[in-house]
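Structure first, then comments.
The values are calculated or read from the model by the stated rules, or taken from the named source; none is laboratory data. The shown structure was predicted, so the numbers you read here are calculated from the model rather than taken from an experiment. Cβ: placed from backbone, ideal geometry, glycine included. Neighbour counts: every protein chain shown.
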Amino acid sequence: MADVLIMRHGEAAPGYPDQARRLTPHGELEVEKMASWLAERIAAGELPVPRIYASPYARAQQTAQRLCDALGTSCETLGFITPDDSPSAVSDWLLEQPEGTPIMLVSHMPLVGELAGLLVEGSPAQGVGFPTAAIAELEAEVWAAGCAQLKRFTQPSQLA
């Protein structure tokens, strides 16, 4: 049974172009809170250190870098996990990944919601609403439509 963690970036400032939007100070705090929570879980042996992949957009890169700093790992950029990319393409990519280490994707709405909907419910139209910096933890034998289970959904406001 493999795990995939899907995370939406922290709160971002408005701006143009969309790819250049950066985290707000509140967004940075949201991400720090989630990174500390993940680091505590890893230290407790509850979760292995995931391989982290991020959208090339600035706010996702900032979010992923803070996670990497807290977890002592590195990040790879995936050009096909931007806001309007296809959840099916991401599902196909997940099918090609080796088993074992959990994968963490740092991306954007609507992709994160549509991807969770596709993997859990079998349809991107059944998407999940993701507050900023929220993490959905999924597990599956096979990363195909409707084959995953949502193990946990955590957002910054739930953490002390």
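Taking every residue in region 90-110 that is touching a residue at least 40 places away in the same chain (Cβ under 8 Å) and assigned to a loop (DSSP other than H, G, I, E, B) and pairing it with any residue that is loosely packed, with under 13 Cβ neighbours inside 10 Å and not small (Gly, Ala, Ser), at least 6 positions away or on another chain, the pairs with Cβ-Cβ distances below 7 Å are THR101/PRO48; PRO102/PRO48. Selection of region 31-51 for residues being more than 25 Å from PRO14 (Cα to Cα) and of a type outside the set (D, E, K, R) yields SER36, TRP37, LEU38, ALA39, ILE42, ALA43, ALA44, GLY45, LEU47, PRO48, VAL49, PRO50. Only one of the numbered conditions (1) farther than 12 Å from ARG8 by Cβ; (2) modelled with pLDDT of 95 or more is violated by ALA160, and that is (2). A single member of SER123, SER107 is modelled with pLDDT under 95 and hydroxyl-bearing (Ser, Thr, Tyr), and it is SER123. Within region 72-88, residues that are farther than 14 Å from GLY127 by Cα sit with their Cβ atoms under 8 Å from residues that are of a type in the set (Lys, Arg), at 6+ positions apart or across chains, in these pairs: THR73/ARG51; GLU76/ARG51. Restricting attention to region 13-25, the residues being farther than 22 Å from MET104 by Cβ and part of a helix (DSSP H, G or I) number 3. Close Cβ contacts (under 8 Å, 6 or more residues apart or on different chains) running from residues in region 131-160 that are closer than 29 Å to GLY27 by Cβ to residues that are charged (D, E, K, R) and assigned to a helix (DSSP H, G or I) comprise THR132/GLU30; ALA133/GLU30; ALA133/LYS33; PRO156/GLU30; PRO156/LYS33; LEU159/LYS33.
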